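Single-structure report; data block below.
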Amino acid sequence: MKEEDTQDLLDLASELRWEVGENFHDTLVEGIYADAAQIAQKTEIKQGEPNPYSFERKLDQVLTSKKYGFPIMILILSIILWLTIQGANYPSGLLANFFLEFLHPILKTGATHIGLPWWLDGFLIDGVYLALGWVISVMLPPMAIFFPMFTLLEDFGYLPRVAFNLDSLFKKSGAHGKQALTMSMGWGCNAAGVVATRIIDSPRERLIAIITNNFSLCNGRWPTQILIATIFIGALVPDGLSSLLASIAVIGVALLGVGFTFLSSWMLSKTLLKGEVSTFALELPPYRPPNLWTTLYTSLIDRTLIVLWRAMVFAAPAGAVIWLISNIYVGDLSLANITIDWMDGFGLFFGLNGVILLAYVVAIPANEIVIPTILMLTVAHLNLIGAGDGVMFELESTTETAALLRAGGWTLLTGINLMLFSLLHNPCSTTIYTIYQETKSWKWTVFASIMPVVLGFLVTFLVTQIWQVFH
Amino acid sequence: MSLFLEMKQLFAAMPPLLNLGYVLLVFSILLVVFILKKYQYSLRWLLPFKNTEKSITEDLLKQLYHVASSRRTTDFKMLSGALKIPERKILKIVESMTQNGLIKISGSHITLTETGRNYALSIIRIHRLWEKYLSEKTGFDKSLWHDLAETKEHQLSNEEAEQLYEELGRPRFDPHGDPIPTALGEMISETGTSIAGIPKDTVAKIIHIEDEPRSIYRQIIKEKLHIGAHVKILASENHHVIFESEGHSIQLSTVVASNIQVVPLSSQEVYEEGKVRLSSLIEGEHATILGISTECRGANRRRLLDLGFIKGTLLTLEYMGPNQNPRAYRLRNTLIALRNDQADFILIEKTQYDRTGSL
Amino acid sequence: MTELEACDSCALNNSAQLLKLGINVENADYVIALAGNPNTGKSTVFNALTGLKQHTGNWPGKTVTRAEGGYRYQDHKMKLIDLPGTYSLLSTSQDEEIARNFILFGKPDVTIIVVDAARIERNLNLVLQILEITDRAVLCLNLMDEALRHHIDIDERTLGKELGIPVIKCSAIKKQGIPELISTVHQVATRQIICKPHRIKGLSKPAQKMVEKLDQKIRKNYPGLPNSRWIAMRLMDADVDIIKALKNGDFDQVLT
């Protein structure tokens, strides 16, 4: 069609629009619904009972009530997290046994057999392979448990009720109630949580949800929290109470994360993302029995494997880097030791140490390898000879780990600050990549990556200063 | 390494209280940054770029246009007061405006030339188009529209304004009910009377709410009054007016009320006695939707319509969230949760009538 | 490609447009779109039709997830595209834009519209909008078991007559009605069933008149455009995307 004809058409349209007034949209929708009502009346055959949804109504009244709404929600989420953490232990152990205890020595022997030079063998098998093995065995089981359970709740229709219950809290911080869902999804995996923000329509509120998702303690960080809490906080009280106190500390850190989510959402909506008022219209679908097998299959394919694949892609080079820095020597010291010494002063300033900082730098790809890296670096730094020299490892018992860390100069303050820093630091590179994929903006990706670290340093600094006041 | 170690030693050497001082310092810096951000619109006059010659010229033209259309006269002193710019600076700019043929000066009176009038209208056009844009396409709160448009009116070119006009579907009125001048400088005028001056028991429709001065505008929008709303005067006295709108009784001082313009209802319009906001429905009550307030615009309005909140629909408030907000309404056999500020936009009539027992 | 040639009735003249929307049609005889409101069990219908042989990804340039899959019926390869679940096609959210553009510019051979049988009045909003755009559609009355449990039944013959398209009662989770759905979709795709879709009648008189006037002008400019009335309504509503599409000449391409 010619350009002038198009212009002609548009002119006619706007002329008519002036005549009909500015509410044609209302007229149109009302017209459609009028037709719909007529057709529905002709075709719907209702029989019997006037109140067909009484069960759902009752269930809703309990699940969204002032009294039971929040307790039930917290209970369900705790059960899911508990099942995930506990249930993942065993398969994780099996996988770790297979990849790290069984296959690793075979590969090493094989490499020696075919005469691979030590550096290539170390680089590939002790570096890349070990990192991959670690990521798979620590990451796969919890995700394979967490995501299907989450999807089942979603299909059952409970998740919209969670958004409904929590909306008033999110509204106060300028965000959307659906952020409750992406936040809980973040407890499984931040990258998946960031992808899940797609359910939020408004770009502004979606961005808030993306940026603050990192404050949800993800699967990769729970083990770190639990280990450190057991070693340093659990030890403060008699044995009988220690696991209770450690659990409370871990839950406290997770709740602190929720607090930071609200706080930073509020700050963002008052400053950088100021202006646009939230809208909220949410359908609360009827409760329906979920389709178990399809759910298991699709959540495994759609969420778990995609995230795992991304994590592996990032973990492989990280493994290589970790091996390289501990095995390249300048003079008497390995690169790792040089960096640790260099960072130590800075780290102590924040109540951390050089080992922790270096571990967080090289373990950006996956939070799962932070603890093995810390142990490896501690051993290397203490110049202990023996197993694990220049190779990531984990110790069989918590007591051994505790002894090693204390030998590395760790105190209660270090433990507390590591827990805080594990909550408040940059997202893992999988998440950073996902944030870029979702926002298509370098600016926001960089912001979302830097903001939590700055916050982490601020908080650990404050804790350290206050600590020093009392000690 | 040594640098950090030294810093560490430095800090360690300080008395603990001094460290707390540092903490307080960091906090107070954060606080100042936050306050500056929060009140950036109110503190805008602090910023240097506002007073460029172009924007002062344009603000002057607008002011002169408003003065002329209310058949008043003005002089340097009044202009200086209105724009909050020193007289000296006004004098300088007025001089160059006279040279450019935008204004005429006779004695102390300043009047617009034809060119100046057209220029002023084009600025008003951009201002009102931008307010329309903000109301339709963005979620900015309406208390911010005016200030944002005040800045934008000096930045958009006429071509960009034209494009905006097309994209908005060639609107005729801005969200405050003011007519938008056409590109040729024509403007429809719809005149109403101030709500302060009309007798008791009159029913009328709000057609215009003046958005300046800001403090008065804020008071008006706090009462959730809006263009298109029907009002019924309950009492009109010297110092204040009391009237009813959408089921709420509102008392305003005469000064505030005189910024609200109303017209009598047309022959097709009926004042609906029982018309209230959806937010006033309580648990288990039924209602029929009478319509969505014109105040609800753009994507928000379309979303509500798509979800089926249209004239004639029956609905029930099924239950409320733990904090009474949001609330879940059942309509067409579907549960939909809305926040209360959205429910404020939906006008209903409470009803006992229950079509089939299962709405 | 030999199979393509074997299929005479296949309407694949739109493959360029489809490719632009990110759909690879090389291996398909017919392209079927799956539309519907959220919470109508649309993905269950999708799974029931395709099994678990599906591929998920994003719509080009968008963050909205797309699932596509396929099935065979009577030697024809059907490609099924799951559109985002939406309440309407009139607002301008990303989801709605994708669903709208796919039906409008992708011109699928059949559009399956999934509705919740217990909430038909509300679901018809989207159905009636889709029927303004395409005249090849099948209505899938899903969740029939749930509706019956709540004492709601649907007279599907009257509904079919009113809408002018075939109506199939389903309960996808129990795989009830799926074979009928498959064969009906095939019949619509191969033009054994010709639909006479419902057109929106409820507009006010003056609005109707104006739409008519605009529609005539569009038909004069684009003879043969099946959804000119819908475009007229979108222009009356100042839909920026449609105005842009007109200016870009997108509708010229749809016609070729």
Report yes if some residue within segment A:265-276 is away from chain B (no Cβ under 14 Å), hydroxyl-bearing (Ser, Thr, Tyr), surrounded by fewer than 22 Cβ atoms within 10 Å (Cβ to Cβ) and farther than 16 Å from A:LEU181 by Cα; otherwise report no.
no
Quickly run through segment B:223-244 and pick out the residues that are surrounded by fewer than 17 Cβ atoms within 10 Å (Cβ to Cβ) and touching a Gly at 6+ places or on another chain (Cβ under 9 Å).
B:GLY228
Quick one: what pairs do we get from segment B:323-336, first residue more than 7 Å from chain A (Cβ to nearest Cβ) and open to solvent by 10 Å² or more (accessible area, probe 1.4 Å), second assigned to a strand (DSSP E or B) and hydroxyl-bearing (Ser, Thr, Tyr), C-beta under 7 Å, 6+ apart or different chains?
B:ARG330/B:THR316
Yes/no for C:HIS151 being within 14 Å of chain B (Cβ to nearest Cβ) and farther than 30 Å from A:THR27 by Cβ:
yes
Residues of segment A:118-129 being within 19 Å of A:PRO365 (Cβ to Cβ) and surrounded by fewer than 19 Cβ atoms within 10 Å (Cβ to Cβ), in sequence order, are A:PHE123, A:LEU124
Among helices (runs of 4 or more DSSP H) entirely within segment B:69-152, at least 3 residues that are under 30 Å from A:ARG204 (Cβ atoms) and open to solvent by 30 Å² or more (accessible area, probe 1.4 Å) occur in B:114-137, B:142-152
Looking at (1) crowded, with 24+ Cβ neighbours inside 10 Å; (2) out of contact with any Lys or Arg (no Cβ under 9 Å at 6 or more places or on another chain), which one does A:LEU132 not meet, given that it meets all the others?
(1)
Checked pairs for segment C:66-89, first free of Cβ contacts under 8 Å to residues at least 40 places away in the same chain, second part of a loop (DSSP other than H, G, I, E, B), C-beta under 6 Å and 6 or more apart or across chains, list as C:GLY69/C:LYS53; C:PRO84/C:VAL64
For segment A:92-117, what are the residues that are loosely packed, with under 12 Cβ neighbours inside 10 Å and farther than 26 Å from A:PRO142 by Cβ?
A:PRO105, A:ILE106, A:THR109, A:THR112, A:HIS113, A:ILE114, A:GLY115, A:PRO117
Which condition does B:ALA287 not pass, out of (1) surrounded by fewer than 19 Cβ atoms within 10 Å (Cβ to Cβ); (2) at pLDDT 90 or above, if it passes all the others?
(1)
So B:THR182 passes all but one of these: (1) out of contact with any helix residue (DSSP H, G or I) (no Cβ under 7 Å at 6 or more places or on another chain); (2) open to solvent by less than 70 Å² (accessible area, probe 1.4 Å); (3) part of a helix (DSSP H, G or I); (4) at pLDDT 80 or above. Which condition number does it fail?
(3)
Out of A:THR27, A:THR6, report the one residue that is within 18 Å of C:ASP241 (Cα to Cα) and surrounded by 15 or more Cβ atoms within 10 Å (Cβ to Cβ).
A:THR6
Restricting segment A:135-158 to residues that are under 20 Å from the mean Cα position of the chain (by Cα) and within 12 Å of another protein chain (Cβ to nearest Cβ), the residue that is surrounded by the fewest Cβ atoms within 10 Å (Cβ to Cβ):
A:GLU154
Looking at (1) over 29 Å from A:TRP187 (Cβ atoms); (2) modelled with pLDDT of 85 or more; (3) touching a helix residue (DSSP H, G or I) at 6+ places or on another chain (Cβ under 7 Å), which one does A:LEU124 not meet, given that it meets all the others?
(3)
Qualifying residue in segment B:245-260 (condition: within 14 Å of another protein chain (Cβ to nearest Cβ) and surrounded by fewer than 15 Cβ atoms within 10 Å (Cβ to Cβ)):
no
Unmet criterion (only one of (1) touching a Leu at 6+ places or on another chain (Cβ under 9 Å); (2) assigned to a helix (DSSP H, G or I); (3) surrounded by fewer than 20 Cβ atoms within 10 Å (Cβ to Cβ)) for A:VAL162:
(3)
Scan A:THR294, A:THR279 and give me the residue that is assigned to a loop (DSSP other than H, G, I, E, B) and at the interface with another protein chain (Cβ under 7 Å from one of its Cβ atoms).
A:THR279
Could you tell me whether any residue of segment A:283-292 is open to solvent by less than 50 Å² (accessible area, probe 1.4 Å) and at pLDDT below 80?
no
Where the second residue is in a helix (DSSP H, G or I) and open to solvent by 40 Å² or more (accessible area, probe 1.4 Å) and the first is within 18 Å of A:ASN219 (Cα to Cα) and lies in segment A:425-442, which pairs have Cβ atoms under 6 Å and are six or more apart or on separate chains?
A:SER429/A:PHE314; A:THR430/A:ARG310; A:THR430/A:PHE314
Can you name every residue in segment A:60-82 that is touching a strand residue (DSSP E or B) at 6+ places or on another chain (Cβ under 7 Å) and either of a type in the set (Phe, Trp, Tyr) or loosely packed, with under 15 Cβ neighbours inside 10 Å (or both)?
A:GLN61
Would you check which residues across segment B:300-322 are away from chain C (no Cβ under 11 Å) and of a type in the set (Ser, Thr, Tyr) and list them?
B:THR316, B:TYR319
Considering only segment B:281-294, state which residues are out of contact with any Lys or Arg (no Cβ under 8 Å at 6 or more places or on another chain) and not β-branched (Val, Ile, Thr).
B:GLU283, B:GLY284, B:SER293
Residue pairs within 9 Å by beta carbon, gap of at least six or interchain, first lying in segment A:312-333 and in a strand (DSSP E or B), second of a type outside the set (S, T, N, Q), listed first then second, are A:TYR329/A:LEU335; A:VAL330/A:ILE338; A:LEU333/A:ASP341
Given the structure, is C:VAL114 more than 9 Å from chain A (Cβ to nearest Cβ), aliphatic (A, V, I, L, M) and buried (at least 20 other Cβ atoms within 10 Å of the Cβ)?
yes
Identify, please: which residue in segment B:337-347 is more than 9 Å from every other protein chain (Cβ to nearest Cβ) and aliphatic (A, V, I, L, M) and is, among those, surrounded by the most Cβ atoms within 10 Å (Cβ to Cβ)?
B:ILE346
Which condition number in (1) aliphatic (A, V, I, L, M); (2) over 26 Å from C:GLU121 (Cα atoms); (3) not in a loop (DSSP other than H, G, I, E, B) is the one that C:ALA238 fails?
(3)
Could you tell me which numbered condition C:THR65 fails, if it satisfies all but one of (1) buried (at least 20 other Cβ atoms within 10 Å of the Cβ); (2) at the interface with another protein chain (Cβ under 9 Å from one of its Cβ atoms)?
(1)
Across segment A:207-220, which residue is farthest from the other protein chains (Cβ to nearest Cβ) among those that are modelled with pLDDT under 90 and over 14 Å from A:VAL258 (Cβ atoms)?
A:GLY220
A:LEU217, sole failed condition from (1) of a type in the set (A, V, I, L, M); (2) open to solvent by less than 20 Å² (accessible area, probe 1.4 Å); (3) outside any loop (DSSP other than H, G, I, E, B)
(3)
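The values are calculated or read from the model by the stated rules, or taken from the named source; none is laboratory data. Note that this is a predicted model, so its numbers are computed, not measured. We place every Cβ from the backbone using ideal geometry, glycine too, and count neighbours over all the protein chains shown. Side chains included, ligands, DNA and RNA excluded: accessible areas come from the protein's heavy atoms. Shrake-Rupley method; radii C 1.70, N 1.55, O 1.52, S 1.80 Å.
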